[in-house]
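The values are calculated or read from the model by the stated rules, or taken from the named source; none is laboratory data. Worth saying up front: this structure is predicted, and the values here are computed from it rather than measured. All Cβ positions, even for glycine, are placed from backbone atoms using ideal geometry, and neighbour counts span all protein chains on display. Ligands, DNA and RNA are stripped out before the accessible areas are found, and what is left, the full protein with its side chains, is counted by its heavy atoms. Shrake-Rupley method; radii C 1.70, N 1.55, O 1.52, S 1.80 Å.
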Amino acid sequence: MSENTVTNWFGDLAATPAVLVEAKSTADIVRILKDPGTYPSPVRAFGSNHSTAPCSAADGGTMIRMKGMNRILNITEDSVTAEAGAILYDVAHALKDKGLQFYVNTEIGNLTMGSACCAGTKDSSMPGEFGQVSSYCTGIKMVLPSGELLEATEAKNPDLLQAVRCSYGTFGIVTEVTFRIRKIQPMEVFHETYTVSDFMERLPELWSRGYALMYYMFLFDELVTIEFRKYNPKAKGKPNTHVWPIRNNLWSVIGPRTCYHTERDIGDKTIRYKIIDAFGGYWRWNLEHIIQSKNTTATDQIIRYPDVSDDSRYTFSLWAFPEETYAKVLPQYTKWVKNYYKTKGYRTNILHVGYRIAKDQNSVLSYSYDGNVMTIDPVSTANPGWKEFLIDYNQWCSGQGGVPLPNQTFGFTYEQGKKALGDRLAAMAAKRREFDPGNRLLNPFFRQFFGEPAKSPAPRAAKA
Ligand SMILES: Cc1cc2nc3c(=O)[nH]c(=O)nc-3n(C[C@H](O)[C@H](O)[C@H](O)COP(=O)(O)OP(=O)(O)OC[C@H]3O[C@@H](n4cnc5c(N)ncnc54)[C@H](O)[C@@H]3O)c2cc1C
């Protein structure tokens, strides 16, 4: 590998920038953007590089590592301001020490604040709340392609913030972010298992219970284990401190590691996947019988993955579907994925998960812009056939009216993105051109996403 090879956290996507540089300050970023001779285009910032799509790749260009800018700058009763390279886990724990928490607590603790404010995220929406981290971003500071500084707040520039929340560093490089936060509230969690058909029949009743719904899907056994969460302000006493560490260990270590070794060591596919499906039974048992409490802390859901991934690493993809179509979509997907294994010999080797995420118009490209959505996320150790599977999965999901996420859905086409996002994609493409007329920040990934021609036009003056 070249000296400047940058791989994503999972290790299946590599970029070879001409220059790889670590930013320590806003001044560093200004200097980089103003000097295309030393720092060639495209310039892309990256955080923990946990994305499962090559959205931060800048082959032949400049990649800016943001994690050196990781200070927490200010905490008040209802806001936190941090530099863009600080990770969710660290910020959330600094808040917890003061009795405070984020609204959205994704399990991915390595999520940097810069990515959290301008890229896609998901967690099951708590009742009456959003499930995308950026929706609680109330202010950003950014260096524009011209090197000039821009500050925007929800109060003063709501339209601009709505666009920045899904700009993925194509408007400018984010240096500082403010999020709305709240006091820690006790949180209830428990699990129930249903067959796929029962789950679908009961959807209206499950929605009406008033819980956040995330679910683990064991589709080869047609079983779904639902995680129910809601705040439970009346809970008394000290919060339970063991249920989330057990869940986190199962999800981020024991689960993927067991599946990885089973895939690697058991040559016979039938036996291999029987073992993996049997392990699914152990997983369900733990969720149903151990991961339950009336009083936990949302911060404890957040996982700090190792900086360098090991044999417990996993990857996944995601499409979101309008929830009113889900009762049809999931059973059809279950058939499709089983038939895929029969006819093509490939199946994902961990499980699937899904999230229910509330209607959210806080970002222009929100995948739940038009209404509540439920997702289908295959999870894998990237066993042979995974990437080819994802291309077929993309086609299937797009055909069913799904919406992809640029940083979490590998390999979707421009046409699939356009079909899902329609005029909103065109509006974001136009806005991006205003901010970056010289395409200083536009890598091939976003060139395709926004439907820009493959060859860049001659640079023009950037917007101040
Ligand atoms: C094991 C695993 C578990 C995961 N679990 C979840 C989960 O529960 N929920 C969820 O939502 N996601 C999850 N993800 C996906 C991941 O969180 C997102 O892809 C997220 O964007 C990663 O954050 P990051 O800091 O690594 O961003 P990166 O991958 O480094 O960057 C994401 C995008 O943001 C841009 N960017 C980053 N920093 C800046 C900046 N300062 N200024 C401008 N642009 C910037 C990059 O160019 C890129 O386009 C998971 C991924 C893995 C591998």
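For Tyr346, the accessible surface of its heavy atoms amounts to roughly 10 Å² (probe 1.4 Å, protein chains only, rounded to the nearest 10). Averaging 1/r over every pair of different alpha carbons in the range 1-95 and inverting the result gives a Kirkwood radius of 14.3 Å. About its Cα centre, the dipole of the range 72-183 is roughly 160 debye, where the only charges are +1 on Lys and Arg Cβ and -1 on Asp and Glu Cβ. To the nearest 10, the accessible area of Phe10 is 20 Å² with a 1.4 Å probe. Projecting the Cα positions of Cys117, Gly210, Gly417 onto the charge dipole of the chain (unit charges on Cβ atoms of Lys, Arg, Asp and Glu, taken about the Cα centre) puts Cys117 furthest along the positive direction. A crude spin-label estimate for the pair Glu205 and Ala454, with each label 7 Å from Cα along the Cβ direction, gives 5.5 nm.
Summary of the geometry: the range 121-136 and the range 254-294, compared by the centres of their Cα atoms, lie 29 Å apart.
Pairs with C-alpha atoms separated by more than 19 Å, drawn from the list Lys98/Lys122; Lys98/Lys359; Lys122/Lys344; Lys141/Lys359; Lys236/Lys294; Lys122/Lys338, are Lys98/Lys122; Lys98/Lys359; Lys122/Lys344; Lys141/Lys359; Lys122/Lys338.
Listed values for the range 105-110 are Karplus-derived 3J(HN,Hα) couplings in whole Hz (6.51 cos²θ - 1.76 cosθ + 1.60, θ = phi - 60°), namely 10, 5, 6, 7, x, 7, and x replaces Gly and Pro. Across the range 210-235, the residues whose backbone nitrogen lies under 17 Å from the label position 7 Å along the beta-carbon direction of Glu192 are 210-217, 223-231.
For the pair Asp277 and Glu129, the difference between a 0.36 nm per residue extended length and the Cα-Cα distance amounts to 49.9 nm. Per residue, the convex hull spanned by the alpha carbons of the chain comes to 134 Å³. Over all distinct Cα-Cα pairs of the range 187-417, the Kirkwood formula returns a hydrodynamic radius of 18.5 Å. For the range 307-348 and the range 178-232, what is the centre-to-centre distance using only Cα atoms, to the nearest Å? The distance from the Cα centre of the range 307-348 to that of the range 178-232 comes to 18 Å. Taking θ as phi - 60° and the Karplus parameters 6.51, -1.76 and 1.60, the scalar couplings of the range 331-345 work out to x, 5, 5, 4, 4, 4, 6, 6, 5, 4, 5, 4, 8, 10, x Hz in sequence order, x denoting glycine and proline.
With r defined as the distance between the Cβ atoms of His261 and Tyr414 and R0 fixed at 51 Å, what FRET efficiency is calculated, to the nearest 0.05?
Details: r = 38 Å, r/R0 = 0.75.
The calculated FRET efficiency here is 0.85.
Between Lys236 and Ala327, the FRET efficiency from the beta-carbon distance, with R0 = 30 Å, is close to 0.20. Measuring max minus min along each principal axis, the C-alpha atoms of the range 72-183 give extents of 40, 27, 26 Å (largest first). Between Asn295 and Val189, Asn240, the built amide H atoms are under 5 Å apart, and every one of these is 5 or more places off in sequence or on another chain. Karplus-derived 3J(HN,Hα) values for the range 67-78, using 6.51 cos²θ - 1.76 cosθ + 1.60 with θ = phi - 60°, are 6, x, 9, 10, 7, 8, 9, 7, 10, 10, 5, 10 Hz; glycine and proline are entered as x. Spin-label model, Arg304/Val253: points 7 Å from Cα along the beta carbon direction are separated by 1.3 nm. If the chain linking Lys24 and Ser79 were pulled fully straight, counting 0.36 nm for each residue of separation and taking away their Cα-Cα distance, it would gain 17.4 nm. Rolling a 1.4 Å probe across all protein chains gives Thr241 an accessible area of roughly 100 Å². Only Lys, Arg, Asp and Glu carry charge here, each on its Cβ (+1 for the first two, -1 for the last two); on that basis the chain has a dipole of about 260 debye about its Cα centre.
For the range 156-233, the extents of the C-alpha atoms along the principal axes are 46, 34, 20 Å, listed from largest to smallest.
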